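To start, the structure under review is shown below, and the notes come after it.
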Protein chains: 2
Amino acid sequence: MSLQKEVVEKRLAHFRSRMVDKGVQHTLLWDPDNQYYLSNYDAISYSRPIVLLIDQKEMKYIIPALEEDHAKERAIADHFYIYHEKIQNNHLDTDYRTPLHTIINDWEKGAVVGVELDILPASVYQILRDQGFQIKDIGQDLIDLRAVKDEEEIYWLEQAGRLSDAALSASFANVKAGMSELEFDSHGDQKLLELSSKEFSGLIVGYENWTCSGIERSAMPHLYSSTRKYEENDVIIHSRQVWINGYRAENERTFFIGKPTEEQKKCFQLAVDAQQVGFEMVKPGVKAKDVDIASFNVFEAEGYGQYVQHRIGHGLGLSEHEEPYLRFDNDLVLEEGMVYTIEPGIYVPGVGGFRHSDTVIVTKDGCRSITKYPREMKDLMF
Amino acid sequence: MSLQKEVVEKRLAHFRSRMVDKGVQHTLLWDPDNQYYLSNYDAISYSRPIVLLIDQKEMKYIIPALEEDHAKERAIADHFYIYHEKIQNNHLDTDYRTPLHTIINDWEKGAVVGVELDILPASVYQILRDQGFQIKDIGQDLIDLRAVKDEEEIYWLEQAGRLSDAALSASFANVKAGMSELEFDSHGDQKLLELSSKEFSGLIVGYENWTCSGIERSAMPHLYSSTRKYEENDVIIHSRQVWINGYRAENERTFFIGKPTEEQKKCFQLAVDAQQVGFEMVKPGVKAKDVDIASFNVFEAEGYGQYVQHRIGHGLGLSEHEEPYLRFDNDLVLEEGMVYTIEPGIYVPGVGGFRHSDTVIVTKDGCRSITKYPREMKDLMF
């Protein structure tokens, strides 16, 4: 199923009015998630660039030949410029830069071009600069637009949340000492794919897991799951993102095999309490920084502030991590429809890592979590 | 397990001598795979930039606080610059650009700085340019170095190939009408994780599948696996990449549920024959273009050239697709130790898509495949 056409067209209208406000005549978009958001076309694009060009009148896509059918079936766009990679078509464009030059040669001299300055490759930036265009960053506008989710997006986020809970249940139903981090993940994966296949047809579902087991690995917040096998008395952080139709939920739990130590129990409870403070803080009108600081203070009050290594949460939607961030230096005021992870954590050498993550939608007067797996110690000892 | 220290140091020495040849005094690397290749540190870095800076004397890493322990445990580097994201440390650097400015302020005025021009974000390019440095593309040098694999890399590639074969066997052992593309994938995933967990400890294993079923979906080469359920008489392209310790094998098979039509049989056999021609062409001294053209001509001779949409193959190693490409316009001469996918395909409207992909290592006098799943029709009808 694709996003409703009118939903995408509404987004595009908002984006175009931002362009006008900023004095941007043309926009060149590189990020696949931004492209999907404004065109409904979810490409696989790593070694063959796909470029989306937007002005007030038209939307143009530069597409490799092997994506042509897919793009034309899905994308809301006015023109497609296809480039080829076989000898039979070597009289046509064989590099994405050829149609790019064709398109920008038609632009007014010295026009203002909007780009995602933190994403656009330097080589493409050089092409625009060498043609004498003025370049303006339009990345923040896309962040702003994407930050507040519409009904369509919230529907898919909720599906992702529910499916992620089912996956966690399946992993935990099978957990035991001697299984590897990756085997633990795979029980959840299988359940997720079985369930989503039963409920939906013709939809893309995906997932990513990072499971860090044992005192040493759990104390590092960012590691891919490995073949390390669970041991008796391990502390483990299982992190899972699930996406459906592009939209993601993040669902993470710290759990134990066997008996936690007294200090592990204390750290676990602090992480639960800090997360609870986060849930209670999130509502429209509150500043992003205040959520982060309030949650941090739960650890700090007990002398564990030094073991915090990261912000309390990030935006979520189409990308793994989206701005805006719930971070101590972000003055952004939260709005209804924003989506954040709430995931305060501490990483204590010799003791382990402790972090749950849930994904919440900001509501009219608070927030609601789309991930609901139990969070208490009693539910997370195996 | 990490790559052997001396292996990585040898790579670094090669890269530094390339820098000298090019007159590049400092290199700034952004791509995580390039960073891993030269430092042995495999970061998860999507919303927190990690930057590697190399000159003739030193290697410096800019690292977010939550990666500090992991980086210091793994990376071969002389200095680490840590940036933070909690209020307790707000007197320290809280943005990666602060240490970046500190480092580049020490560089000689007007120095030549090597960057990956097709990867580096425009905003970082601007920082370097605004400081008056001369910027040179060093991306091709990394492509060249990475293209020829060393013994360590070939060992892991072979493991990845063997594991991918086991995954395909498990998926095919369970295939039936009524199961979804994603469920088919998941049987292979589970086998892969079980087997790799049994054989290795403490290693990262990952995978990616794209399974496109039915006439319409198989005829589009690039689609994520979906919840679409297999139907009687489907033609299906199953594509799997498996990686272990960073190194990837690609393994793809076209298969049938029920009875293929006469035209589907013909197209399938053409894809098998075109791949065979590819295997036979690959050897040191042959040009990349000639492999692509010879394989294309198998389709062309039977009137199917118009249904070819992509080159015969891409390089493979640490990234999903690596340059160099086996493409009609690439004069590159193949060398022993290079690794390529051989994957000619045709996508015929109303008939389906037909493509196998295998990963081959260029040997002294030919090539050998690290993926060995059977390729003939009789093995691929279910």
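Structural remarks
- Any hit, the range A:166-185, residues being free of Cβ contacts under 8 Å to residues at least 24 places away in the same chain, in the same structural domain as A:Gly246 (by TED's automatic domain parsing) and more than 22 Å from A:Tyr224 (Cβ to Cβ): yes
- Of all the listed residues (A:Tyr83, A:Tyr46, A:Tyr41), the sole one being buried (at least 20 other Cβ atoms within 10 Å of the Cβ), within 12 Å of another protein chain (Cβ to nearest Cβ) and within 14 Å of B:His310 (Cβ to Cβ) is A:Tyr83.
- Within the range B:106-119, the presence of at least one residue that is without any contact (Cβ under 8 Å) to a residue 24 or more places away in the chain, under 33 Å from the mean Cα position of the chain (by Cα) and in the same structural domain as B:His26 (by TED's automatic domain parsing) is confirmed.
- Screening the range B:234-248 for residues that are in contact with a helix residue (DSSP H, G or I) (Cβ under 9 Å, 6 or more places away or on another chain) and of a type in the set (S, T, N, Q) and picking the one that is nearest to B:Tyr37 (Cα to Cα) gives B:Asn245.
- Residue match in the range B:38-52 (condition: part of a helix (DSSP H, G or I) and either under 22 Å from the mean Cα position of the chain (by Cα) or farther than 23 Å from B:Ala65 by Cα (or both)): yes
- Among the candidates A:Asp130, A:Asp93, the residue that is touching a helix residue (DSSP H, G or I) at 6+ places or on another chain (Cβ under 8 Å) and surrounded by fewer than 21 Cβ atoms within 10 Å (Cβ to Cβ) is uniquely A:Asp93.
- Given (1) outside any helix (DSSP H, G or I); (2) under 18 Å from B:Leu163 (Cβ atoms); (3) at pLDDT 95 or above, index of the condition B:Gly202 fails: (3)
- Whichever residue in the range A:223-235 is in contact (Cβ under 8 Å) with a residue 40 or more places away in the chain and more than 16 Å from B:Ile244 (Cα to Cα) and, among such residues, is nearest to the other protein chains (Cβ to nearest Cβ): A:Lys229
- No other residue among A:Ile143, A:Ile135, A:Ile103 is in a strand (DSSP E or B) and either among the hydrophobic types (A, V, I, L, M, F, W, C) or without any contact (Cβ under 8 Å) to a residue 60 or more places away in the chain (or both) apart from A:Ile135.
- Exactly one residue out of B:Asp165, B:Asp141, B:Asp130, B:Asp150 is charged (D, E, K, R) and either within 12 Å of another protein chain (Cβ to nearest Cβ) or within 30 Å of B:Ile257 (Cα to Cα) (or both): that is B:Asp165.
- Test for B:Leu318: is it touching an Asp or Glu at 6+ places or on another chain (Cβ under 6 Å), of a type outside the set (S, T, N, Q) and either away from chain A (no Cβ under 12 Å) or within 24 Å of B:Ile236 (Cβ to Cβ) (or both): yes
- Where strands (runs of 3 or more DSSP E) fall wholly inside the range B:321-382, the ranges with 3 or more residues that are more than 14 Å from chain A (Cβ to nearest Cβ) are B:358-362, B:367-369.
- Residue under evaluation B:Arg129, criteria (1) under 30 Å from the mean Cα position of the chain (by Cα); (2) farther than 22 Å from A:Ser180 by Cβ; (3) in a helix (DSSP H, G or I), criterion not met: (1)
- Top-ranked residue of the range B:57-76 - restricted to ones that are part of a loop (DSSP other than H, G, I, E, B) and touching a helix residue (DSSP H, G or I) at 6+ places or on another chain (Cβ under 6 Å), ranked as nearest to the other protein chains (Cβ to nearest Cβ): B:Ala75
- Scan of the range B:177-222 for residues that are surrounded by fewer than 22 Cβ atoms within 10 Å (Cβ to Cβ), farther than 30 Å from B:Arg74 by Cα and facing chain A (nearest Cβ under 7 Å), ordered by number: B:Met220, B:His222
- Qualifying residue in the range A:20-30 (condition: among the β-branched types (Val, Ile, Thr) and either surrounded by fewer than 18 Cβ atoms within 10 Å (Cβ to Cβ) or touching a His at 6+ places or on another chain (Cβ under 7 Å) (or both)): yes
- Count of the range B:195-233 residues which are of a type in the set (Asp, Glu) and under 23 Å from the mean Cα position of the chain (by Cα): 1
- Residues that are crowded, with 24+ Cβ neighbours inside 10 Å, over 24 Å from B:Ser171 (Cβ atoms) and in the same structural domain as B:Arg253 (by TED's automatic domain parsing) do occur in the range B:326-335.
The values are calculated or read from the model by the stated rules, or taken from the named source; none is laboratory data. Remember, predicted model here, so these are calculated numbers, not experimental data. Virtual Cβ from ideal backbone geometry, glycine too; neighbours counted across all protein chains shown.
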